[in-house]
1. Regarding residue 221, is this residue touching a Ser or Thr at 6+ places or on another chain (Cβ under 9 Å), in the same structural domain as residue 276 (by TED's automatic domain parsing) and closer than 30 Å to residue 432 by Cβ?
2. Could you tell me whether residue 412 is over 25 Å from residue 329 (Cα atoms), at pLDDT 95 or above, out of contact with any helix residue (DSSP H, G or I) (no Cβ under 9 Å at 6 or more places or on another chain) and exposed (fewer than 13 other Cβ atoms within 10 Å of the Cβ)?
3. Take residue 329 and tell me if it is farther than 27 Å from residue 42 by Cα and surrounded by 24 or more Cβ atoms within 10 Å (Cβ to Cβ).
4. For segment 1-25, how many residues meet the condition of being surrounded by 24 or more Cβ atoms within 10 Å (Cβ to Cβ) and either among the basic types (Lys, Arg) or in a loop (DSSP other than H, G, I, E, B) (or both)?
5. If you take just the strands (runs of 3 or more DSSP E) that sit entirely in segment 55-133, which of them hold at least 1 residues that are at pLDDT 90 or above and more than 15 Å from residue 31 (Cβ to Cβ)?
6. Only residues in segment 74-97 that are more than 16 Å from residue 446 (Cβ to Cβ) count as the first member; pair them with residues that are charged (D, E, K, R), Cβ under 6 angstrom, at least 6 apart or cross-chain, and list the lot.
7. If you check 272, 300, which single one turns out to be out of contact with any Lys or Arg (no Cβ under 6 Å at 6 or more places or on another chain), crowded, with 19+ Cβ neighbours inside 10 Å and either in a helix (DSSP H, G or I) or modelled with pLDDT of 95 or more (or both)?
8. Can residue 290 be described as out of contact with any helix residue (DSSP H, G or I) (no Cβ under 9 Å at 6 or more places or on another chain), within 30 Å of residue 415 (Cα to Cα), crowded, with 23+ Cβ neighbours inside 10 Å and touching a residue at least 40 places away in the same chain (Cβ under 8 Å)?
Amino acid sequence: MRYHLRISGAHWNSLRAHLFPGDGLESVALLLCGLHRGEDVTALCVRQILPIPDHACSIRRPDLLQWPTRLGLPLFETAMREDCAVVKIHSHPGGFAEYSRQDDQSDAELFGALSGWTNGYVPHGSAVVLPGGKIFGRVVGPAGDFLALDRVAVAGGDVDFFDQDREITTSEADLRNVQAFGPGTVRILKSLRIGVAGCSGTGSWVVEMLARLGVGGLVLVDPDVIQAKNLNRIINSTRADADAQRPKVEVLKRAVEAMGYSTTVRAVRSDLRHQPVIDCLAGCDVLFGCLDSADGRELLNRIATFYCLPYFDVGVRLDADKKGGIDYVGGGCHYLQPGESSLLSRGVISVDAINADSLFRSDPVEYEKQRRVGYLRNVQVDSPAVSSVNGLYASLAVNDFLARVHPFRYESNDDVDAVLFNLSGGYAESRSFPAVCPFLNRRVGLGDRSPLLDLAWPST
């Protein structure tokens, strides 16, 4: 089992401001974390920060800190009641990159006491932040011993991964990627597991590019099979695939494996709305959404919020007049940070569109009836799509992801929430959406709680 700590950008900014007030002395905070208990990853997802006031500490030195644990009682009670983990996080302003003996002693006392507060095993932990921003940490294992956090991930404007030191080798096939991004970034890419929901026109391009960048693993989710109408835009698909009605995820898996590269692929032929599928995506490090449906995009936005994941949403719009003319071609990539603006608050999708797509999925007969009588407007089941357009916008999304893992933009990533390209007008732009989503902001880091994602699920 690997243990990850995940932090949203907003929480990370707040933490750093508190932990490094500028006086060169240690500071401390407590984190309340929702949990994702996956097959091979247990993720601690930060949902709340409780800063311990510096003035309340009995001792504050550059190398020593003592604070009254009674200040954490409300947070401990919430953790017990809601099956959450508690993480103590403090600074080492001198840059000492290890746990001190005092850290070992205080952690043992705190987590020994916390173990009596919770029912069953809960992976409480601690973390240390260094002046340069590096984070390392540990959790209390099932046997009561300390286990290193394999990864601390920050989903902010920049997407940062702080990993326990481990050997990840590169090969000759990685040479050009290393020349472009350096061995450090390539090793990060090779350690990531990325979920791609939607494996059709844009999704197939995203999968192709991520695999050739050498990402460690891909989780591909799509319920559909290859059809003849898909062959113009799903790369690596063939007429034989359409004749055999092979699942899209299996066709893309075959293509990635045929590269002979290092990427492993898990193909999930399913709709998103199933708990095992959500568990698979929650165990990823990054999510890409390549979906047409508003309800699917909103669900991915929820998954990313509940599990503190960075989410890249690819959207394409091609308006044809059905007479051989094209009125508009545009699209782009929206980057969604947990706790910031959402697709809904940005106006990318609407409640009406979510409801219409959900009705189409659950009751297509009623959907068609309402569409005919005018209750549902501006909806299309099949939209025009071509490979060249899909490839362009998929590339925008993958390069936005790279710009956040390995910053190379002139603009700060904090100021870029979406990268849009109007192909008809011949111009590109980046946009910022500073207002947070009032609905999803309250759900950051909630993790595996019931009901799942705070949704009403069908009984069958």
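1. yes
2. On the way: over 25 Å from residue 329 (Cα atoms): yes; at pLDDT 95 or above: yes; out of contact with any helix residue (DSSP H, G or I) (no Cβ under 9 Å at 6 or more places or on another chain): yes; exposed (fewer than 13 other Cβ atoms within 10 Å of the Cβ): yes.
Spelling it out, residue 412 is indeed over 25 Å from residue 329 (Cα atoms), at pLDDT 95 or above, out of contact with any helix residue (DSSP H, G or I) (no Cβ under 9 Å at 6 or more places or on another chain) and exposed (fewer than 13 other Cβ atoms within 10 Å of the Cβ).
3. Working: farther than 27 Å from residue 42 by Cα: yes; surrounded by 24 or more Cβ atoms within 10 Å (Cβ to Cβ): no.
For residue 329, the condition - farther than 27 Å from residue 42 by Cα and surrounded by 24 or more Cβ atoms within 10 Å (Cβ to Cβ) - is not met.
4. 1
5. Working: elements: 59-61, 64-66, 85-91, 125-129.
Ranges flagged: 59-61, 64-66.
6. Close Cβ pairs satisfying both conditions: 90/26; 91/26.
7. On the way: 272 fails: either in a helix (DSSP H, G or I) or modelled with pLDDT of 95 or more (or both).
Just a single option satisfies the conditions, and that option is 300.
8. no
The values are calculated or read from the model by the stated rules, or taken from the named source; none is laboratory data. Just so it is clear, the structure is predicted and the values come from calculations on it, not from any experiment. Please note: Cβ atoms are built from the backbone with ideal geometry, for glycine as well, and neighbour counts cover all protein chains shown.
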